[in-house]
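The structure appears right after this line, and notes come after that.
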Amino acid sequence: MFKEDHGCFEPVIGLGLVKRISEFLDGHHRYPDTVKTLEAGAQWCKNMPYLPYGKYQGIVSARIHLCNFIPDLIMMHVDGRMATYLMLIRNYIDGKDIPVSFLDMRLVYMQLFRQC
């Protein structure tokens, strides 16, 4: 998927396909519709996980059980129980932890194969 294939700008920013412009980082796209203050909008935008701009031209996505390549990154929607099991399984292999960042309680970014 390339920048032109997305219908929403937040994934385009999060996937590093465009620069994080100051209007975005200042919170203007969130305020006043979904946050109480412009400062809250800015905080949300600054905390949004993102890939580095310009590193990738596009993103290949596939269901993990059908993937015929070793991915650089796996993004999963999981609940707390599923995240715990995934981290325990990874830890069982060699005692290492998974680098994890939470966007919210359901969305977890894990770099599994880079460290296995």
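Derivation of every value follows stated rules applied to the coordinates shown; laboratory data play no part. Since the structure is predicted, the reported quantities are computational estimates derived from the model, not experimental observations. Ideal geometry is used to build each Cβ from the backbone, glycine not excepted, and the neighbour counts take in all protein chains shown.
Can you work out which of the residues in region 1-32 that are of a type in the set (Val, Ile, Thr) and either in contact with a strand residue (DSSP E or B) (Cβ under 9 Å, 6 or more places away or on another chain) or surrounded by 13 or more Cβ atoms within 10 Å (Cβ to Cβ) (or both) is farthest from Trp44 (Cα to Cα)?
Residues of region 1-32 that are of a type in the set (Val, Ile, Thr), as a first pass: 12-13, 18, 21.
Then drop every residue that is not either in contact with a strand residue (DSSP E or B) (Cβ under 9 Å, 6 or more places away or on another chain) or surrounded by 13 or more Cβ atoms within 10 Å (Cβ to Cβ) (or both), which leaves 12-13, 18.
Working: Val12: 16, Ile13: 13, Val18: 18 Å.
Residue satisfying both the conditions and the ranking: Val18.
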(request) Report, ordered by the first and then the second residue, all pairs with beta carbons closer than 7 Å, sequence separation of six or more or different chains, a first member in region 54-72 that is of a type in the set (A, V, I, L, M), and a second member that is surrounded by 10 or more Cβ atoms within 10 Å (Cβ to Cβ) and outside any loop (DSSP other than H, G, I, E, B). (result) Ile64/Ile74
(request) Could you check how many residues of region 51-75 are surrounded by 14 or more Cβ atoms within 10 Å (Cβ to Cβ) and in contact with a Gly (Cβ under 7 Å, 6 or more places away or on another chain)? (result) 2
